[in-house]
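Take a look at the structure set out below.
The values are calculated or read from the model by the stated rules, or taken from the named source; none is laboratory data. Model, not experiment: these values are computed from the prediction. With ideal geometry, Cβ positions are generated from the backbone for all residues, glycine too; neighbour counts draw on all protein chains shown. Remember, those area values only see protein heavy atoms, side chains included, never the ligands or the DNA or RNA. Shrake-Rupley method; radii C 1.70, N 1.55, O 1.52, S 1.80 Å.
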Amino acid sequence: MAGKEIKKMKFFGYEKDSEKLMKLSEATFDGTLEELEDLIDFLKTVQEEHSKVAKKTDMCHSHFRDWSNKWNKEDSDFIVVTRF
């Protein structure tokens, strides 16, 4: 695999009421089984949708808040960025 770059998944976050992005060493999901199922469904949808544009753009992103009709502004958003 000489010359092939190994990609590593990264997690980022924002402090409350801040625009400053910071790299996280760890992320915790704290929710119900129903919320976990919603997150899994969201990730499956993102995989399908991002796959459709893989050869058309360098990156794509999706927000959980835009996908879920249960999301409200008090909840955390979950953003998936895929780089191709």
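Details
- Candidate lysines - alpha carbon under 16 Å from Lys8, same-chain residues fewer than 8 apart omitted: Lys23
- Equivalent-ellipsoid semi-axes of the chain, from the Cα gyration tensor, Å, largest first: 24, 18, 13
- In nm, spacing of pseudo-spin labels at Ala27 and Thr57 (7 Å Cα→C-beta vector): 1.8 nm
- Rounded accessible area of Met59 (nearest 10 Å², 1.4 Å probe): 70 Å²
- Full extension of the chain between Lys8 and Lys70 yields a length gain of 19.2 nm, computed as 0.36 nm times the residue separation minus the alpha carbon distance.
- Accessible area of the range 28-81 belonging to carbon and sulfur atoms, whole % at 1.4 Å probe: 50 percent
- Calculated FRET efficiency for the pair Ile79/Glu48, C-beta based, R₀ 25 Å, to 0.05: 0.90
- Helix axis angle, 33-52 relative to the chain longest principal axis, alpha carbon, degrees: 30 degrees
- About the Cα centre, charge dipole magnitude for the chain (Lys/Arg +1, Asp/Glu -1 at Cβ), debye: 740 debye
- Simple rule: put +1 on each Lys or Arg Cβ and -1 on each Asp or Glu Cβ in the chain, find the dipole, and look at Leu39, Met59, Ala27; the Cα lying farthest toward the positive end is Met59.
- Where GluC sites (Glu not before Pro) fall in DSSP loop in the chain, at most 13 other Cβ within 10 Å: Glu5, Glu15, Glu19, Glu26, Glu74
- Heavy-atom surface of the chain, accessible at 1.4 Å and reported per residue (Å²): 94 Å²
- Using a simple spin-label model with pseudo-atoms 7 Å out from Cα toward Cβ, Leu39 and Lys20 lie 2.6 nm apart.
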